[in-house]
Amino acid sequence: MSTLVVIAALLQATIAVGVAAFQAAVLFGAPWGEYTMGGMNPGKLHGQLRITAGVSAVIMLAQSGHYLAQAGIFSPALSPMQNTIVNWFWFGFAVLGLIMNSISRSKKERNLWVPVLLVSAACTLMVAV
């Protein structure tokens, strides 16, 4: 694996941990509703939206673990073929997130997440290729 791919995997793992931390903060009551889930709920999210943030945090931690394995930090839990499938899945996930955040009505959400997801899409593509 090239050094550039390892760097991309490590950067993506870091992004995923950052997103997980953001979502965990929202879960526990951070007043950042304008920055997530369409930005339609300013302040603290309520009920089901907070649970959704918690699920998102867990998913992003799993993604981080995957990319740490891709970088050689963790032992891979998947076969090479499974890794290929998961790498392309995460690339699609980043692109979908980029599209959804790009069309958000919340300027705050767009300004925060579009740059993050551009980097994420580039990193996940580099690892997938």
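The values are calculated or read from the model by the stated rules, or taken from the named source; none is laboratory data. Because the structure is a prediction, the values reported are computed rather than measured. Quick reminder, even Gly has a Cβ in these numbers, built from the backbone with ideal geometry, and neighbours come from all protein chains shown.
Results for (1) touching a residue at least 60 places away in the same chain (Cβ under 8 Å); (2) out of contact with any Gly (no Cβ under 9 Å at 6 or more places or on another chain), shown as yes or no for each residue.
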{"position": "Val6", "(1), (2)": "yes, no"}
{"position": "Arg50", "(1), (2)": "no, no"}
{"position": "Val58", "(1), (2)": "no, yes"}
{"position": "Ile99", "(1), (2)": "no, yes"}
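For the stretch 29-36, the criterion of a residue being under 30 Å from Asn83 (Cβ atoms), crowded, with 19+ Cβ neighbours inside 10 Å, in contact (Cβ under 8 Å) with a residue 24 or more places away in the chain and within 13 Å of the chain's Cα centre (by Cα) is satisfied by at least one position. A single member of Ser79, Ser120 is out of contact with any helix residue (DSSP H, G or I) (no Cβ under 8 Å at 6 or more places or on another chain) and among the hydroxyl-bearing types (Ser, Thr, Tyr), and it is Ser79. Residue check: is Asn87 buried (at least 18 other Cβ atoms within 10 Å of the Cβ) and either of a type outside the set (A, V, I, L, M, F, W, C) or free of Cβ contacts under 8 Å to residues at least 60 places away in the same chain (or both)? Here the answer is yes, as Asn87 does meet what is asked. One residue stands out in the stretch 42-67 among those that are surrounded by 19 or more Cβ atoms within 10 Å (Cβ to Cβ) and among the hydrophobic types (A, V, I, L, M, F, W, C): the one that is farthest from Ala94 (Cα to Cα), namely Leu45. On inspection, Gly39 qualifies as of a type outside the set (Phe, Trp, Tyr), at pLDDT below 95 and surrounded by 15 or more Cβ atoms within 10 Å (Cβ to Cβ). The set of residues from the stretch 90-125 being buried (at least 19 other Cβ atoms within 10 Å of the Cβ), of a type in the set (A, V, I, L, M) and closer than 15 Å to Gln63 by Cα comprises Ala94, Leu117, Ala121.
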